[in-house]
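For reference, the structure discussed in these notes is given below.
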Protein chains: 4
Amino acid sequence: MRSDARPAATSATGTPKAKRVPRAQREQQMLDAAVQVFSRCGYHAASMDEIAEASDVSKPMLYLYLGSKEELFAACIRREAARLIEAVGQAAEPGLETGEQLRRGLTAFFAFVAEHRESWIVLYQQARAQGEPVVEEVAAARRQVVDAVTLLVRRAALDSVPTPRLGERPDRGEAAAVAQAIVGAADALAGWVLDTGPEPPEETARRLMSVIWIGLEPRLHGARYAADPPTPDEPTPDESAR
Amino acid sequence: MRSDARPAATSATGTPKAKRVPRAQREQQMLDAAVQVFSRCGYHAASMDEIAEASDVSKPMLYLYLGSKEELFAACIRREAARLIEAVGQAAEPGLETGEQLRRGLTAFFAFVAEHRESWIVLYQQARAQGEPVVEEVAAARRQVVDAVTLLVRRAALDSVPTPRLGERPDRGEAAAVAQAIVGAADALAGWVLDTGPEPPEETARRLMSVIWIGLEPRLHGARYAADPPTPDEPTPDESAR
Amino acid sequence: MRSDARPAATSATGTPKAKRVPRAQREQQMLDAAVQVFSRCGYHAASMDEIAEASDVSKPMLYLYLGSKEELFAACIRREAARLIEAVGQAAEPGLETGEQLRRGLTAFFAFVAEHRESWIVLYQQARAQGEPVVEEVAAARRQVVDAVTLLVRRAALDSVPTPRLGERPDRGEAAAVAQAIVGAADALAGWVLDTGPEPPEETARRLMSVIWIGLEPRLHGARYAADPPTPDEPTPDESAR
Amino acid sequence: MRSDARPAATSATGTPKAKRVPRAQREQQMLDAAVQVFSRCGYHAASMDEIAEASDVSKPMLYLYLGSKEELFAACIRREAARLIEAVGQAAEPGLETGEQLRRGLTAFFAFVAEHRESWIVLYQQARAQGEPVVEEVAAARRQVVDAVTLLVRRAALDSVPTPRLGERPDRGEAAAVAQAIVGAADALAGWVLDTGPEPPEETARRLMSVIWIGLEPRLHGARYAADPPTPDEPTPDESAR
DNA sequence: GATGAATGAGCGTTCATTCAT
DNA sequence: GATGAATGAACGCTCATTCAT
């Protein structure tokens, strides 16, 4: 149960009990362990004892370096959120065509989730059920992503998506709604893949793009979903499908 | 609400305290309070003391009727999930056209979330951060919804969406992915509306339909999102996969 | 070690494990034990576990009834200070002649200390080394005593002790100084008796009165201690001795 | 203070940090810091970390030189008690007249307290709330002072204060009681001056002498405080003893 | 049926103390 | 000689849970 087969990638010392490790490294060690435990048990059910043991350090070290359980959790959230955003941002090069940018971002996202299962679980499932200080941290990270997607959507739409009406909150426009839907769908698919077994991230990204992008483009040319066919003065969506 | 006809043998006390309430009603009272408290504090941070006080019953009653904190939480989840599914199922009458069925289901969903804010928060945010027994409960409810949507998608697609290949897990087909995306998008929009202020559920449903349904129908006639073929000067996605 | 021979004076139930005791009684039980432990170990060294065990209740009860370690300590201080002041105040009937009033007060004080050894130790030794909230409590009690003595001194002095000069702080007058000295001397004698073995409180009071009162009366007729005999215009104390 | 003559073999580092300080000096440094911290926080609340930091040495040094927290505290007590006794003893030159000797000792005492506020607080307030080993140290110092005062008192009394009866403990005689009262009164006045603002030590000493010495001298000629004889209409104290 | 009284168990946190360098 | 790194052991406090009335 203790310090299982982590292959000691960085410092290949053969010593079974790594002692006297410099601070920065120990901190990462602790964060690694904390993410593992938090993702498995959630914030409250995780005990500092367990995290300390998983980190292979004593509890006082944990407190000396990370301050408190809440700060430790926040540090996990911050690190993992930064990693996720970094990975996605890296992939979505600004020079690309809009759709391609989104597709690559999504691919990077699904790849990240597959590779960092625990990070994702902590961010998406555990961090949202906490008290204010932490939940705001993760909400901010999510907002950052949603805002980026909103920009993409708006850019893709050129001028065809109506500019927010005067006085309307900027986060309430149609583009924002679409971005929220996209991000939410991505979240759900990420969880779905985690549950049902792996598939190439490109495949998952394609699946999502097939739903949203094909649907997005017609809208950009004015298509709207109309509840009831009886309204004849609105063009049927079918017409604008390409 | 039901007047208890038992002769007031012991109720001759002048205390205005409502006593001798039938069990079923008491249970609902407790569940109501529990949902309130759980949604506000989360599972762990909520204390049985607080719930008992909010229920206006003593703690031993709570335990007598609901068994334990975990069972109480599960009961909350079960009741709220049932209510949600009931509401959505009610709205999506089987006789309707597929798209309309989905639209009405979504509308009912957004209406439910607006009206039962706490139920939704417990189901969507709190219940997912728990240990196995409870999380499975809510996962089952979600699966039920996703399956229904999957059926809709598949029906809408007629034959154009490829039937799951033989031996393929039924939850891995394209229709299932689309359903997951839809449900995830709906979740996200529900949270978005909760955060940014109310709007008519029909409007939110329309927003989502505009994204997914307009996109879905072309696919039903064979459209697929292809990353590169249209842009031959673009590198294959494989290269950028990480 | 547990629940030793406390003779169950109040409720002579023969049950060896007194259960289901009404709250008020339990609270006194806890305070009794806490005073014992605090007097033996001091505030910090005393552990709530130890106090709980000495009270013959579990720790949660301690917290439920008394709130926190600090509040518990404060409650001890308050109760014991009140008892002490009550005892002394009772003895020093206002109608008596001034000197007699003081003598009776001192007698009651020494009797109290002899009878409530622990209370006294907590008040005098332990409570003064704490952080602000508690130290102020005990300081206030002491001030109350000193003020009473100051009044006595001033009354005894009639007008012969100079009224505080204009603008002088009321607690800086000569009478206040004398009162402080008296109380300090009483404290010291109380400790001395505790250390060296009991003697009748009347005897200890007489000892102190012999020092201060005989000295006080000449002063009341103008005697002052002069450092150097060379000042011939001030009467030698000897003259005013009666 | 003693310059260490060892050749500066390793001290060739250009660091401005004061290194290679001789042991004796370092020790004083630590004691200084410790007294500061102990007087501010009390024994338990003071942490070795804080003391080490205030001493500008590392914690292992602290332990190497002073052994343990308790030993460190005891060392503080010892040093400060020695300083106090030295100061008082210096002032009370044996050649002087008895009263003058006492007056000068008291003056020195009040001067010391004013000048070494922290030392006094540690000795008088903090050290008394500890467990056995330390409390004995400070009790011994106090005993030394009391004994000196007892001698003074006895000397002043010539033969008029009855010599301890045969077999009586030497610390139980009337002279001892008087000495205790004097020291206790001095303690109280010291605290009083600390609380209410400074005044010349001579003034405080005069105040105390006015109370005790004027009263003492009549006693030396046989005066005793008698509770009732002078007032025949007053009940005997015995009756009111509780 | 209903509840005030009571607790076992465990968690977050800190501190005096000591290696290994 | 001097120190950053590390820990065993408690302590204050709380909570889900259950008697005894």
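The values are calculated or read from the model by the stated rules, or taken from the named source; none is laboratory data. Everything quoted here is computed from the prediction, not taken from an experiment. Don't worry about glycine lacking a Cβ; one is built from the backbone with ideal geometry, like all the others, and counts go over all protein chains shown. The protein model used for the area step is the full one, side chains on, heavy atoms only, and it has no ligands, DNA or RNA in it. Shrake-Rupley method; radii C 1.70, N 1.55, O 1.52, S 1.80 Å.
Scalar couplings 3J(HN,Hα) for the range D:199-210, obtained by applying the Karplus form with A = 6.51, B = -1.76, C = 1.60 to θ = phi - 60°, are 8, x, x, 4, 4, 4, 4, 4, 4, 5, 4, 4 Hz; x denotes Gly and Pro. In this structure residue C:93 has an accessible area near 90 Å², from a 1.4 Å probe over the protein heavy atoms. Computed from backbone phi, the HN-Hα couplings of the range A:105-114 come to x, 4, 4, 4, 4, 5, 5, 4, 4, 5 Hz, rounded to whole numbers (Karplus: 6.51 cos²θ - 1.76 cosθ + 1.60, θ = phi - 60°; Gly and Pro given as x). Here the Karplus relation 6.51 cos²θ - 1.76 cosθ + 1.60, evaluated at θ = phi - 60°, turns the backbone of the range B:67-83 into coupling constants of x, 7, 4, 5, 5, 4, 4, 4, 4, 4, 3, 4, 4, 5, 4, 4, 4 Hz, with x for every Gly and Pro. Show log10 I(q)/I(0) for the range A:54-138 at q = 0.15, 0.16, 0.23 Å⁻¹, two decimals, from a solvent-free Debye sum over equal Cα scatterers. Those come out to -0.66, -0.72, -1.07, one per q. Of the residues making up the range C:83-117, those losing 20 Å² or more of accessible area when the isolated chain is joined by the remaining protein chains, with a 1.4 Å probe, are C:97, C:100, C:103, C:104, C:115.
What is the calculated FRET efficiency for residue D:28 to residue D:143, with r their C-beta to C-beta distance and R₀ = 25 Å, to the nearest 0.05? Computed FRET efficiency for residue D:28 and residue D:143 comes out at 0.45. As a ratio to 2.2 N^0.38 Å, the alpha-carbon radius of gyration for the range B:21-67 is 1.04. The apolar share of the surface of the range A:19-67, taken as the fraction of accessible area on carbon and sulfur atoms (1.4 Å probe, ligands and nucleic acids excluded), comes to 50 percent. Per-residue mean of foreign Cβ neighbours for A:191-198 is 4 (Cβ atoms of other chains, 10 Å radius). Where in the range D:56-92 is the amide nitrogen less than 16 Å from a point lying 7 Å along the Cα-to-Cβ axis of residue D:155? Inside the label zone: D:88-92.
Computed with a 1.4 Å probe over protein heavy atoms only, the accessible surface of the range A:19-67 comes to 51 Å² per residue. The accessible area of residue D:44, taken with all protein chains in place and a 1.4 Å probe, comes to roughly 80 Å². For the residues of B:202-212, the average number of beta carbons from a partner chain within 10 Å of their own beta carbon is 6.
Only protein heavy atoms count here, probed at 1.4 Å, and on that basis chains D and C bury about 4900 Å² of accessible area in total.
Label-point spacing for residue A:67 across the identical copies (point 7 Å from Cα in the Cβ direction), in nm and ascending order: 3.0, 4.0, 4.1. Between the amide H of residue D:21 and any residue lying 5 or more places away or on another chain, no distance stays under 5 Å, with hydrogens modeled in the peptide plane. Averaged over the residues of D:38-46, the number of partner chain Cβ atoms lying within 10 Å of the residue Cβ comes to 3.
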